[in-house]
Amino acid sequence: MDVLSYYLETYEACRKAFVSYKKQLKARFRHFQFETLDIPKGGGEVDTYFLGQKKEPAKRIVVMSSGIHGIEGYAGSAFQRRWIEEFLLDEKSAFKLPKNVDFLLIHGINAHGFKNQLRVNESNVDLNRNFALKREKLHKRFKNKKYRKIQTFLNPGTPFTNYIFEYALFVIRFFGVVARFGAKYVLDAAVNGQYEFPKGIYYGGRKPEPVVRRLRKFFKKVLKPYDQVLVLDFHTGYGEKNGLSLMQNAPPGSKEDKNLRKVFGDFGLLLNEGEEDFYRTSGDFTDFFGKIFGKDKDLFPITVELGTNGNIDMSGALKSSFLMISENRIRFQGSRSESSTNRVKEEFREMFYPSREDWRLAAMDHVFGILPETITRFSKI
């Protein structure tokens with residue numbers, strides 16, 4: 001099958017294709033469960049597959065998740081469906097599926113953002129800054145004072161005007177802020193997550209969102225029998241153009257850090273604290289499992305990040321920052337130019353789901369260049 005055919009252009013098409021494997025998977029796996037999680041308060045529905053080859057649960061499970069950042073779910077869905085079709089269902093595949101590993105696939109966690117081509121959910125919450133159990137502690141520990149100092153730059157309070165004019169003005173303001181505070185300060189202020197400005201970018205919310213509360217209960221139930229949990233959370237946008245990064249939040253030298261290095265260390269792609277391109281987030285999905293299970297399980301949580309337009313050099317950082325801020329600004333402050341609004345929306349989509357064939361082919365090559373080997377290594381630990 002042509003790998004480009006896995007990339008679909010609407011949420012509805014992605015979801016329909018994902019759930020279409022129910023009969024085949026049920027026939028293939030001895031232990032099969034399909035469940036749709038209804039998310040209250042406009043959160044939509046999240047489809048899940050639980051798959052095992054033995055009657056009793058194995059001791060190891062792989063969790064593959066997509067769409068925490070809505071619009072990034074298009075690529076994540078494509079990766080999940082290729083994994084199902086070519087590795088879980090194709091018995092003639094050269095890849096030998098380990099029998100001591102079960103699978104949990106979670107499709108489109110942020111259904112609202114997925115459907116409307118947004119990174120955020122229906123409450124403007126960046127869900128990857130919201131996965132924390134005790135929100136009140138998160139506020140005290142992660143109060144983003146840096147964001148507050150430059151929030152007028154990050155959240156302009158006036159309607160968007162002309163694209164070219166706004167971009168030129170943004171560049172001038174950007175270099176002014178960087179000159180005053182430093183590039184690393186601005187990066188940390190923006191992407192680490194903030195919990196004070198509901199109409200701002202990277203807003204983590206004031207309390208756990210409905211989908212977070214629902215997934216907490218779901219994971220406690222489904223993952224209870226397992227000793228080892230590998231989490232592969234698919235994202236797009238950050239990193240070198242057409243590149244791949246593997247990002248973790250585990251403190252260096254911790255048990256999780258050592259676990260991840262056993263599986264991913266020699267791929268030469270692992271980023272964590274201390275690496276030049278690393279940035280730490282609060283309320284991250286990959287941290288969620290440690291908060292739920294503590295030290296009861298061996299955890300291997302990783303963010304699989306596919307770089308799109310290249311945002312780690314200055315020109316890329318400028319453009320991606322401009323689009324993040326402008327897309328958010330247009331939603332809350334409006335725009336005086338329909339053509340400029342359409343251009344921002346189109347470029348915003350391309351930043352997280354490029355239509356370029358070279359990117360789509362490279363993304364598939366990257367993911368499936370490591371995925372089978374990752375599962376095999378995990379099965380032998």
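The values are calculated or read from the model by the stated rules, or taken from the named source; none is laboratory data. Just so it is clear, the structure is predicted and the values come from calculations on it, not from any experiment. For neighbour counting, all protein chains shown are included, and Cβ atoms are generated from backbone atoms with ideal geometry for every residue, glycine included. The protein model used for the area step is the full one, side chains on, heavy atoms only, and it has no ligands, DNA or RNA in it. Shrake-Rupley method; radii C 1.70, N 1.55, O 1.52, S 1.80 Å.
In the set (1) in a loop (DSSP other than H, G, I, E, B); (2) on the phi < 0 side of the Ramachandran plot; (3) over 19 Å from the mean Cα position of the chain (by Cα), Glu86 fails one condition alone, (1).
So that you can scan it fast, the table gives a plain yes or no per residue for (1) in a helix (DSSP H, G or I); (2) open to solvent by 20 Å² or more (accessible area, probe 1.4 Å); (3) closer than 17 Å to His235 by Cα; (4) among the β-branched types (Val, Ile, Thr):
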residue: Asp296; (1), (2), (3), (4): no, yes, no, no
residue: Leu306; (1), (2), (3), (4): no, no, yes, no
residue: Asn311; (1), (2), (3), (4): no, yes, yes, no
residue: Phe332; (1), (2), (3), (4): yes, yes, no, no
residue: Met351; (1), (2), (3), (4): yes, no, yes, no
residue: Leu361; (1), (2), (3), (4): yes, yes, yes, no
residue: Val367; (1), (2), (3), (4): yes, no, yes, yes
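Taking segment 294-336 as the range and being over 20 Å from the mean Cα position of the chain (by Cα) and either under 30 Å from Val229 (Cβ atoms) or at pLDDT below 90 (or both) as the test, the residues that pass are Gly294, Lys295, Asp296, Lys297, Asp298, Asp313, Met314, Ser315.
When Lys41 is tested against (1) at pLDDT 95 or above; (2) on the phi > 0 side of the Ramachandran plot; (3) of a type outside the set (Gly, Ala, Ser), only condition (1) is not met.
Scan Ala94, Ala111, Ala75 and give me the residue that is at pLDDT below 95 and among the aliphatic types (A, V, I, L, M).
Details: Ala111 fails: at pLDDT below 95; Ala75 fails: at pLDDT below 95.
Ala94 is the lone residue from the list that is at pLDDT below 95 and among the aliphatic types (A, V, I, L, M).
Look through Leu8, Leu25 and report the one residue that is out of contact with any helix residue (DSSP H, G or I) (no Cβ under 6 Å at 6 or more places or on another chain), in contact (Cβ under 8 Å) with a residue 40 or more places away in the chain and open to solvent by less than 80 Å² (accessible area, probe 1.4 Å).
When all the criteria are applied, what remains is Leu25.
Can you find a residue that is closer than 23 Å to Asp233 by Cβ and modelled with pLDDT under 95 anywhere in segment 142-160? Looking for residues that are closer than 23 Å to Asp233 by Cβ and modelled with pLDDT under 95, one finds at least one in segment 142-160, hence yes. The single condition among (1) at pLDDT 90 or above; (2) open to solvent by less than 40 Å² (accessible area, probe 1.4 Å) that Val191 does not satisfy is (1). Does segment 285-293 include one or more residues that are modelled with pLDDT of 90 or more and either closer than 22 Å to Tyr185 by Cα or hydroxyl-bearing (Ser, Thr, Tyr) (or both)? Yes, segment 285-293 contains a residue that is modelled with pLDDT of 90 or more and either closer than 22 Å to Tyr185 by Cα or hydroxyl-bearing (Ser, Thr, Tyr) (or both).
Screening Arg214 against (1) open to solvent by less than 60 Å² (accessible area, probe 1.4 Å); (2) touching a Leu at 6+ places or on another chain (Cβ under 9 Å); (3) at negative phi leaves a single unmet condition, (1).
Every residue in segment 217-244 that is within 20 Å of Pro57 (Cβ to Cβ) and open to solvent by 50 Å² or more (accessible area, probe 1.4 Å), please.
As a first pass, look at segment 217-244 and keep what is within 20 Å of Pro57 (Cβ to Cβ): 217-232.
Lys217, Lys220, Lys221, Lys224, Pro225, Asp227, listed by residue number.
Of the listed requirements (1) closer than 16 Å to Gly283 by Cα; (2) in a helix (DSSP H, G or I), Phe153 misses just one: (1). For Gln80, which of the numbered conditions (1) in contact with a His (Cβ under 7 Å, 6 or more places away or on another chain); (2) open to solvent by 10 Å² or more (accessible area, probe 1.4 Å); (3) in a helix (DSSP H, G or I); (4) of a type outside the set (A, V, I, L, M, F, W, C) fails to hold? Of everything listed in (1) in contact with a His (Cβ under 7 Å, 6 or more places away or on another chain); (2) open to solvent by 10 Å² or more (accessible area, probe 1.4 Å); (3) in a helix (DSSP H, G or I); (4) of a type outside the set (A, V, I, L, M, F, W, C), Gln80 misses just condition (2). Would you call Asn116 more than 19 Å from Tyr6 (Cβ to Cβ), open to solvent by 10 Å² or more (accessible area, probe 1.4 Å) and among the polar types (S, T, N, Q)? Yes.
Quick one: would you say Phe114 is assigned to a helix (DSSP H, G or I) and closer than 23 Å to Phe219 by Cβ?
Working: assigned to a helix (DSSP H, G or I): yes; closer than 23 Å to Phe219 by Cβ: yes.
Answer is yes for this residue.
When Asn121 is tested against (1) in a helix (DSSP H, G or I); (2) under 27 Å from Gly73 (Cα atoms); (3) in contact with a Leu (Cβ under 7 Å, 6 or more places away or on another chain), only condition (1) is not met. Considering the conditions (1) surrounded by 11 or more Cβ atoms within 10 Å (Cβ to Cβ); (2) of a type outside the set (Gly, Ala, Ser); (3) closer than 24 Å to Ile71 by Cα, Asp2 is excluded by exactly one of them, (1).
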